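J.: Sharing a structure here in structure tokens format.
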Amino acid sequence: MDPAEDWLVESLRLYQDFHAFDLSGATRVLEWIGDKGVCVAGYESLKKNEILHLMLPLRLSVKENQGLFPERDFKVRHGGFSDKSVFDLKHVPDTRLLVTSGLPGCYLQVWQIAEDSDVIKAVSTIAVHEKEGSLWPRVAIFSSVVPGVLNGVRLSDLKVVDLESQKTTYLSGVSDSDELSSLQVLDTDTFAFCCPSGRLGVVDIRQKWAPLENVSPSPGSGGGRWCAEVRGKSQGPGPNIASLCSDGHLCLLDVRDLCHPVSSVQCPVSTPSPDPELLRVTWAPGLDSCLAISGFDGTVQVYDAMSWDGMEGQVEPFFTHRGHIFLDGNGTNTAPLVTTHTWHPHKPRTLLSAANDASLHVWDWVDFRASR
């Protein structure tokens, strides 16, 4: 058997569930709406890009495995078109609103998912001061009675905009020109930022700009670009920030001491990320100390960081999803690159992943460690 056939046979043992779909175009965003729907959006330049609200196959929507279901594919619930490339998309909790960012990056777009039709329509824009053609604003949402949109290209233009009045309710007020690679709202008053240099910070919007931060790049970085994610408060004890470099270096940090990583390890990536904008590190919402990384090749690697405290050197994933490589349907010799992944909000070992060949996979691996 060739490697693809070997993998297909092995997948029967490796996966509890595995579904492969083809989108009309590749996506860089997978944004949950509840636990049964997800939004995707195209990112091609010089064309209209679809924004779709997809419903998961019924088999993946139930809490218990109840056998066979007639509906085994995603269903398009709502759709619309963007004139821009969509690099980021956020759902505003408890509303039917979406906020998108991309290129050209002179504004954010606010969308509404219709209640009485299948349309996603643009309803407003949020101006962005940054005019550099190659940069686009990072976005996060403050969820409250009146939601706020946190956005910025650089630390100097970070702001929170009231979604209803469009008034700016917070400004960083600094002249710092460091670019941003990611933003994440932590609670009603704080957010975290990461810069491509590896600089990390946690900001309280009730105070003047005085972030808890590590100004210098993370140890072990050799000029690569970084992204980061903060683990939710309900996700168990231990380090709560994972910071990932485009060379595969991964640091775990405690938010109370960002200058001294709890562990600093090297993930086994064959080459540095060919597009660091696609780097992704995520914490599993339903599994203590589990995280996943992607953006280096056609795989998603899953790790258990439970025993990493004080550790340095190379670590190995306990599961690697290779489906995008072996089910590559683009008919070329170019291996696909995973563009993003996300964990299911409530199914502990279920992930969604997308690649630049427009493939979308939903998979739930079998944890052989649990039977030991």
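The values are calculated or read from the model by the stated rules, or taken from the named source; none is laboratory data. From a predicted model like this one, the values you see are computed outputs, not experimental measurements. All Cβ positions, glycine included, derive from the backbone under ideal geometry; neighbour counts span all protein chains shown.
J.: Out of segment 125-183, which residues are of a type in the set (K, R) and surrounded by 13 or more Cβ atoms within 10 Å (Cβ to Cβ)? Step through it out loud before you land on a result.
T.: Keep residues of segment 125-183 that are of a type in the set (K, R), which gives 131, 138, 154, 159, 167.
Of everything in segment 125-183, those that are of a type in the set (K, R) and surrounded by 13 or more Cβ atoms within 10 Å (Cβ to Cβ) turn out to be R138, R154, K159.
J.: Those residues that are aromatic (F, W, Y) and in a loop (DSSP other than H, G, I, E, B), I need them from segment 130-147; list them, please.
T.: Narrowing segment 130-147 to residues aromatic (F, W, Y): 136, 142.
Residue satisfying the conditions is W136 alone.
J.: Given (1) over 24 Å from N214 (Cα atoms); (2) in a loop (DSSP other than H, G, I, E, B); (3) modelled with pLDDT of 95 or more, identify the lone condition not met by T342.
T.: (2)
J.: Taking segment 92-112 on its own, how many of its residues are surrounded by fewer than 22 Cβ atoms within 10 Å (Cβ to Cβ), in contact (Cβ under 8 Å) with a residue 24 or more places away in the chain and part of a strand (DSSP E or B)?
T.: Going through segment 92-112 one residue at a time, the tally reaches 3.
J.: Just to be sure I understand the filter: pairs with C-beta atoms under 6 Å, separated by 6 or more residues or on different chains, first member in segment 1-13 and in contact (Cβ under 8 Å) with a residue 60 or more places away in the chain and surrounded by 10 or more Cβ atoms within 10 Å (Cβ to Cβ), second member in a helix (DSSP H, G or I) and not small (G, A, S). Which pairs pass?
T.: A4/F326; W7/F326
J.: Residues being in a loop (DSSP other than H, G, I, E, B) and either among the hydroxyl-bearing types (S, T, Y) or within 20 Å of Q184 (Cα to Cα) (or both): count how many of those fall in segment 113-129.
T.: Taking segment 113-129 first, the residues in a loop (DSSP other than H, G, I, E, B) are 114-118, 128-129.
Then keep just the ones that are either among the hydroxyl-bearing types (S, T, Y) or within 20 Å of Q184 (Cα to Cα) (or both); that gives 117, 128.
Qualifying residue count for the region: 2.
J.: Go through segment 32-51 and give me each residue that's out of contact with any Ser or Thr (no Cβ under 8 Å at 6 or more places or on another chain) and surrounded by fewer than 22 Cβ atoms within 10 Å (Cβ to Cβ).
T.: Answer for segment 32-51, where residues must be out of contact with any Ser or Thr (no Cβ under 8 Å at 6 or more places or on another chain) and surrounded by fewer than 22 Cβ atoms within 10 Å (Cβ to Cβ): I33, G34, G37, L46, K47.
J.: Still on this structure: Of the residues that make up segment 255-269, is at least one under 19 Å from the mean Cα position of the chain (by Cα) and buried (at least 20 other Cβ atoms within 10 Å of the Cβ)?
T.: For segment 255-269, residues under 19 Å from the mean Cα position of the chain (by Cα) and buried (at least 20 other Cβ atoms within 10 Å of the Cβ): absent.
J.: Does segment 313-321 include one or more residues that are crowded, with 21+ Cβ neighbours inside 10 Å, over 19 Å from L30 (Cα atoms) and touching a Lys or Arg at 6+ places or on another chain (Cβ under 9 Å)? Please lay out each step first, then the result.
T.: Looking only at segment 313-321, we keep the residues that are crowded, with 21+ Cβ neighbours inside 10 Å, and these are 319, 321.
Imposing the further condition that a residue be over 19 Å from L30 (Cα atoms) reduces the set to 319.
Then drop every residue that is not touching a Lys or Arg at 6+ places or on another chain (Cβ under 9 Å), which leaves 319.
Looking through segment 313-321, at least one residue is crowded, with 21+ Cβ neighbours inside 10 Å, over 19 Å from L30 (Cα atoms) and touching a Lys or Arg at 6+ places or on another chain (Cβ under 9 Å).
J.: Let me ask something else. So P336 clears everything in (1) assigned to a strand (DSSP E or B); (2) touching a residue at least 24 places away in the same chain (Cβ under 8 Å) except one condition, right? Which one?
T.: Condition (1) is where P336 drops out.
J.: Hey, could you check segment 188-215 for residues that are touching a residue at least 40 places away in the same chain (Cβ under 8 Å) and surrounded by fewer than 18 Cβ atoms within 10 Å (Cβ to Cβ) and say which is nearest to P276 (Cα to Cα)?
T.: E213
J.: Only one of L56, L68 is crowded, with 18+ Cβ neighbours inside 10 Å and either farther than 25 Å from W111 by Cβ or modelled with pLDDT under 95 (or both). Can you tell me which?
T.: The unique qualifying residue is L56.
J.: Let me ask another. Looking at segment 241-252, is at least one residue among the hydroxyl-bearing types (S, T, Y), more than 22 Å from V185 (Cα to Cα) and either touching a residue at least 12 places away in the same chain (Cβ under 8 Å) or surrounded by fewer than 21 Cβ atoms within 10 Å (Cβ to Cβ) (or both)? Break it down into steps so the answer makes sense when it comes.
T.: Residues of segment 241-252 that are among the hydroxyl-bearing types (S, T, Y), as a first pass: 243, 246.
Next, from what is left, pick out any that are more than 22 Å from V185 (Cα to Cα): 246.
Among the residues that remain, those that are also either touching a residue at least 12 places away in the same chain (Cβ under 8 Å) or surrounded by fewer than 21 Cβ atoms within 10 Å (Cβ to Cβ) (or both) are: 246.
Scanning segment 241-252, I find at least one residue that is among the hydroxyl-bearing types (S, T, Y), more than 22 Å from V185 (Cα to Cα) and either touching a residue at least 12 places away in the same chain (Cβ under 8 Å) or surrounded by fewer than 21 Cβ atoms within 10 Å (Cβ to Cβ) (or both), so the answer is yes.
J.: Same structure, new question: Can you say whether S307 is outside any strand (DSSP E or B), among the hydroxyl-bearing types (S, T, Y) and crowded, with 19+ Cβ neighbours inside 10 Å, as far as the supplied structure shows? Can you show your working first?
T.: Numbers: outside any strand (DSSP E or B): yes; among the hydroxyl-bearing types (S, T, Y): yes; crowded, with 19+ Cβ neighbours inside 10 Å: no.
Taking the combined requirement at face value, the residue does not satisfy it.
J.: Condition test on P272, is it surrounded by fewer than 19 Cβ atoms within 10 Å (Cβ to Cβ), in contact (Cβ under 8 Å) with a residue 24 or more places away in the chain and either touching an Asp or Glu at 6+ places or on another chain (Cβ under 8 Å) or at positive phi (or both)? Working first, answer last.
T.: Working: surrounded by fewer than 19 Cβ atoms within 10 Å (Cβ to Cβ): yes; in contact (Cβ under 8 Å) with a residue 24 or more places away in the chain: yes; either touching an Asp or Glu at 6+ places or on another chain (Cβ under 8 Å) or at positive phi (or both): yes.
Yes.
J.: For S182, state whether it is free of Cβ contacts under 8 Å to residues at least 24 places away in the same chain and either within 21 Å of V92 (Cβ to Cβ) or touching a strand residue (DSSP E or B) at 6+ places or on another chain (Cβ under 6 Å) (or both).
T.: No; evaluated as a whole, the condition is false for this residue.
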